[in-house]
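Structure, as structure tokens:
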Amino acid sequence: MLGLRRRFDHRTRFRFAVVLTIMAVAYVAVPPVVRVVESISGYSPRDYEPKDFARGEWLRQQEGGGLIDRVSWQTASSIVVFVIVAVVWLTVVPSRSPRRRPPPR
């Protein structure tokens, strides 16, 4: 990444990091929010449904697995995207403030 610091100025690197962050948020955050909104709008039972009891039993049986069994590939890919964005931001942001010239007298 040091070569990128020489080739591109701070504004270009910052804009690249912002675009990458927007794409990562769109990839990681938008699909779960859409799923929740769609499930809320589509679920409106008027009465008790027998499948609710069966669903609850199935969920109780699934609790025995380990943490790795519960993590889906989508969650793992979201974590990887988050780490990549964090690394890009850490390399784009300057480690120290630029040297300022003293004001002319």
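The values are calculated or read from the model by the stated rules, or taken from the named source; none is laboratory data. In this text, all values refer to a predicted model and were calculated from it rather than measured experimentally. Here the Cβ is made from the backbone with ideal geometry for all residues, glycine too, and neighbour counts use every protein chain on show.
Please verify whether MET23 is of a type in the set (A, V, I, L, M, F, W, C) and modelled with pLDDT under 85, treating the condition exactly as stated. For MET23, the condition - of a type in the set (A, V, I, L, M, F, W, C) and modelled with pLDDT under 85 - is not met. Just checking, does segment 6-14 include any residue being at pLDDT below 70 and not polar (S, T, N, Q)? Among the residues of segment 6-14, at least one is at pLDDT below 70 and not polar (S, T, N, Q), which makes the answer yes.
What pairs come up if the first residue lies in segment 21-40 and is closer than 30 Å to THR91 by Cα, the second is at pLDDT below 85 and surrounded by 10 or more Cβ atoms within 10 Å (Cβ to Cβ), and their beta carbons are under 6 Å apart, counting only those six or more places apart or on different chains? From residues that are closer than 30 Å to THR91 by Cα, the pairs are VAL28/SER78.
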